[in-house]
Structures are given as structure tokens and as C-alpha cells.
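Visitor: I have a structure here, written as C-alpha cells, and I will follow up with some questions on it.
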Amino acid sequence: MKTAIISGISGQDGAYLAALLLKKNYRVIGLIREGQSKELGGLTYLGVKGDIILKECNLMNKKAIVDLISSEKPEEIYNLAAQSSVFESLNNPIDTFKFNTISVFNFLETIKLVNPAIRLYQASSSEMCGKVNELPITENSVLHPLSPYATSKVAAHFTCVNYRESYKLYVACGILFNHESYLRSENFFVKKVLQQSIRIAHGLQDFIEVGNVDIKRDFGYSPSYVEAMYQMLQQERASDYLICSGKSISLKSIIHYVFDMLNISKDRCIVNPMLYRPNEILDIYGDNTKAKNELGWNYDYDFYKVLELLLEEELKNLPKI
Ligand code: NAP
């Protein structure tokens, strides 16, 4: 039986990945913050909480990671922990940069020291591409990050590439575009739109207030995206892969589609320029050919279909909201 360590187990992707690895008969160790007894709602929701070994670990402390990896002897590590919100990174740039880079260094240094055969997955992000000068984005596109979150992910990404090339470690970076699920936290756009639209439909709220909804993003579905993470660590040689749907959709279209499904009038959406970001990516979508060809990753969800699934799941779980 293989052992996998997942950092960021309390997050959206951590929960879906843990469920996937358990199905594949892995021994799964989930890392949570030191001194925090997390509710871990995502793992409970997926019915897997009892099957995961939870360990507290301060990812900023290399010795703690060395001790953990020396004793648990994992074959694979999936590093998903990060301050993952662009908006939050604008308010807390230094903490975001520190955590999102030092924790990655600590994993790489530990693997180099304890067992260079351990395979590491690093959660890179399409936000690294930022100011886009060609579409679709490919694995070779120029990076031009536009937020502290994005700069932290670029630094972590190239640190991983550097350790792969310099020390021959098996490090694969998944450059994932936005992906959503029922487990997405409430401060992210799609989840916010779904939850607030349901409140409007039930007469509990009047309007949704949004920033720039003309921007376009490439959105996908988290339970399918974690399958690509797993596949990235099963290849003969480590590499980096774009994981995306291949199409962009405007935030306005998402709101209108959800409003239409719930019979809400379009004038219930108010644009507030105060919510605009200082430097915004206008349109971005990626090319997933490499992932499809090399990983055998199958993804053909239209995002409107994903929205239908997500709304259905929100409505099914309504009493819990
Ligand atoms: P998420 O739901 O926000 O989860 C982030 C995880 O990181 C949580 O488990 C969180 O733990 C943990 N974390 C944050 N700060 C921490 C700290 N200081 N110490 C220890 N743990 C900390 O993110 P996600 O959507 O699952 O994404 C997983 C990874 O993929 C992240 O690295 C994210 O940046 C990256 N990514 C996500 C997307 C996307 O669209 N979802 C796209 C590209 C890349 P707590 O619960 O304790 O805060």
C-alpha cells in the first residue's frame, strides 16, 4: 500500500484528492495547521474523514516536516496548502508570499535530505500568467504575475523547476486554472454567486454586489482536476502541465446563467467599481493538449453544465447553508 501526504487537506482540492487516493487504496495522511482542530467539513461531506490520518504540522518549520516525512515514509506528497485567495493577497501580501514560498522550499529541502525518491506535486496556478500576451496559454507562455498571490506562485513554481533540474527530484507542477465545486469556500466568485442567488430566490437578500464582471476566466470542475494531479505523479518523468477547460467565460455570463436557472431578474446584480482589482487579467484560457495526450486526462465539461451540477448540489444541501 502506498502512502501519500496531502497538505491543505481542509481545502476544496485536498478533500477531493483524498477521496480519490483512498479509492486507489492509498494510505492518506492529511496535514492540518498546528494547534488547530479543524472541522474538516469537506472530508465529512465526502464521507472520508474517518479514513484519513490527520497530522498537525507547521509547514513553515522545516524540522517539523523532516520529522513527519522521516517517520511516515510517503511515496508521494501533494502540496496543496497555500493562502489561495488573490483578494486576500492584496490585503496581506507579505504573509501570502512568505507562506506560499517557504512551505514549498521546506518540502523540497526535506525530500532532498530524507529521500530524493519521494514524488512531489506542487499546486501552481494560471494566475502566474497574469498579463496575457498570447492565447491560449500553454506550458511555454511567458509569465507576468499581477498580484502578490501570483508572484508567490511563480516563485514557488520556479523553485520546484530548479530542484527538479538541479537535484533530479521528481517534482511535477500542475498549473491549474480556476476550478470549482460544492466545497469551494464562500469567498470565491462562483460559490458566492450560487449561494447569494439562492438567497435572492428565497427572498432573503435583494441584490448581488460584484466588481468587474466583464472579465473572462477558464473555469473547470475540481473533482476532475484532482485526477490530473494524481496522474502527474504516475508518469515516468516529472513535468509541468496546464489543467484547464480550454475555453473562457465571462463572470457576467455566469451570473446570468444562474439567475436564469432561478428565475431572477438581471437587475438584481449591482456592479460596484470599488470592488474592482488594481490590476486585472481581462481574458485567459489555456490549452490542455499536453495533459490530455501525456496524462490521458479526459475533460470535456462545459462550464454551464458544471454550473447546473453545482446549483443542484447547493439546493440539495440547502438546510446546511
Ligand atoms: P483552498 O480551498 O483555499 O485550500 C487551501 C488550503 O491551504 C487549506 O487547507 C488551508 O488550510 C491551507 N492553508 C492556507 N494557509 C495555510 C497556512 N498558513 N498553514 C497551513 N495551511 C494553510 O484552496 P484549493 O482551491 O483547494 O486549492 C488548492 C491549491 O491549488 C492551492 O495551493 C491553490 O493556491 C491552488 N490553486 C487553486 C485553484 C482553484 O481554482 N481552486 C487554481 C489554481 C491553483 P485552512 O483551512 O487551515 O486555512
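For every residue, the table says whether it meets (1) assigned to a strand (DSSP E or B); (2) surrounded by fewer than 20 Cβ atoms within 10 Å (Cβ to Cβ).
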{"position": "LEU20", "(1), (2)": "no, yes"}
{"position": "LYS55", "(1), (2)": "yes, yes"}
{"position": "ILE69", "(1), (2)": "no, no"}
{"position": "LYS112", "(1), (2)": "no, yes"}
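Visitor: Among the numbered criteria (1) surrounded by 14 or more Cβ atoms within 10 Å (Cβ to Cβ); (2) in contact with a helix residue (DSSP H, G or I) (Cβ under 9 Å, 6 or more places away or on another chain), which single criterion is violated by ASP214?
Guide: For ASP214, the exception is condition (1).
Visitor: Have a look at ILE175, ILE137, ILE208 and point out the one that is over 21 Å from the mean Cα position of the chain (by Cα) and at pLDDT 95 or above.
Guide: Just one listed residue meets the conditions, ILE208.
Visitor: List, please: which pairs have Cβ atoms under 6 Å, are six or more places apart or on different chains, and start with a residue in segment 284-296 that is in contact (Cβ under 8 Å) with a residue 12 or more places away in the chain and on the phi < 0 side of the Ramachandran plot and end with one that is surrounded by fewer than 17 Cβ atoms within 10 Å (Cβ to Cβ) and hydroxyl-bearing (Ser, Thr, Tyr)?
Guide: Hits for this filter: ASP287/THR138.
Visitor: Here's a follow-up. Could you pull out every one of the helices (runs of 4 or more DSSP H) wholly within segment 215-321 that has 1 or more residues that are among the charged types (D, E, K, R) and in contact with a Ser or Thr (Cβ under 8 Å, 6 or more places away or on another chain)?
Guide: 289-295
Visitor: Hey, could you check segment 58-67 for residues that are surrounded by fewer than 21 Cβ atoms within 10 Å (Cβ to Cβ) and among the hydrophobic types (A, V, I, L, M, F, W, C) and say which is nearest to the ligand (Cβ to nearest atom)?
Guide: If we take residues in segment 58-67 being surrounded by fewer than 21 Cβ atoms within 10 Å (Cβ to Cβ) and among the hydrophobic types (A, V, I, L, M, F, W, C), then MET60 is nearest to the ligand (Cβ to nearest atom).
Visitor: Could you tell me whether any residue of segment 86-108 is crowded, with 16+ Cβ neighbours inside 10 Å, within 13 Å of the ligand (Cβ to nearest atom), over 22 Å from PRO145 (Cβ atoms) and among the hydroxyl-bearing types (Ser, Thr, Tyr)?
Guide: The answer is no, given that none of the residues of segment 86-108 is crowded, with 16+ Cβ neighbours inside 10 Å, within 13 Å of the ligand (Cβ to nearest atom), over 22 Å from PRO145 (Cβ atoms) and among the hydroxyl-bearing types (Ser, Thr, Tyr).
Visitor: If you don't mind, there's one more thing I want to ask. Here are some conditions: (1) assigned to a strand (DSSP E or B); (2) touching a Ser or Thr at 6+ places or on another chain (Cβ under 6 Å). VAL171 meets all but one. Which one does it not meet?
Guide: (2)
Visitor: Ok, one more. Being buried (at least 17 other Cβ atoms within 10 Å of the Cβ), over 17 Å from ALA172 (Cβ atoms) and out of contact with any Pro (no Cβ under 9 Å at 6 or more places or on another chain) narrows it down to one of ILE243, ILE284, ILE208, so name that one.
Guide: Of the residues listed, the single one that is buried (at least 17 other Cβ atoms within 10 Å of the Cβ), over 17 Å from ALA172 (Cβ atoms) and out of contact with any Pro (no Cβ under 9 Å at 6 or more places or on another chain) is ILE208.
Visitor: If I filter segment 71-83 down to residues being within 12 Å of the ligand (Cβ to nearest atom) and surrounded by 22 or more Cβ atoms within 10 Å (Cβ to Cβ), which single residue comes out as nearest to GLY14 (Cα to Cα)?
Guide: Among those residues, the one meeting the criterion is LEU80.
Visitor: Could I ask something else about it? Scanning segment 182-198 for residues that are in a loop (DSSP other than H, G, I, E, B) and in contact (Cβ under 8 Å) with a residue 60 or more places away in the chain, which turns out surrounded by the fewest Cβ atoms within 10 Å (Cβ to Cβ)?
Guide: Here the answer is ASN187.
Visitor: Considering every residue within segment 166-180, establish whether at least one is within 30 Å of PRO273 (Cβ to Cβ), among the hydrophobic types (A, V, I, L, M, F, W, C) and either near the ligand (Cβ under 9 Å from one of its atoms) or in contact (Cβ under 8 Å) with a residue 12 or more places away in the chain (or both).
Guide: Checked against the condition, which is being within 30 Å of PRO273 (Cβ to Cβ), among the hydrophobic types (A, V, I, L, M, F, W, C) and either near the ligand (Cβ under 9 Å from one of its atoms) or in contact (Cβ under 8 Å) with a residue 12 or more places away in the chain (or both), segment 166-180 yields at least one hit.
Visitor: For PRO116, only one of the following conditions fails: (1) buried (at least 23 other Cβ atoms within 10 Å of the Cβ); (2) under 17 Å from ASN79 (Cβ atoms); (3) more than 14 Å from the ligand (Cβ to nearest atom). What is its number?
Guide: (1)
Visitor: How many residues, within segment 22-53, are surrounded by fewer than 21 Cβ atoms within 10 Å (Cβ to Cβ) and in a helix (DSSP H, G or I)?
Guide: 8
The values are calculated or read from the model by the stated rules, or taken from the named source; none is laboratory data. Keep in mind that what you see is a predicted model, and the values were worked out from it rather than measured. Note that each Cβ is placed from the backbone with ideal geometry, even for glycine, and that neighbours are counted across all protein chains shown.
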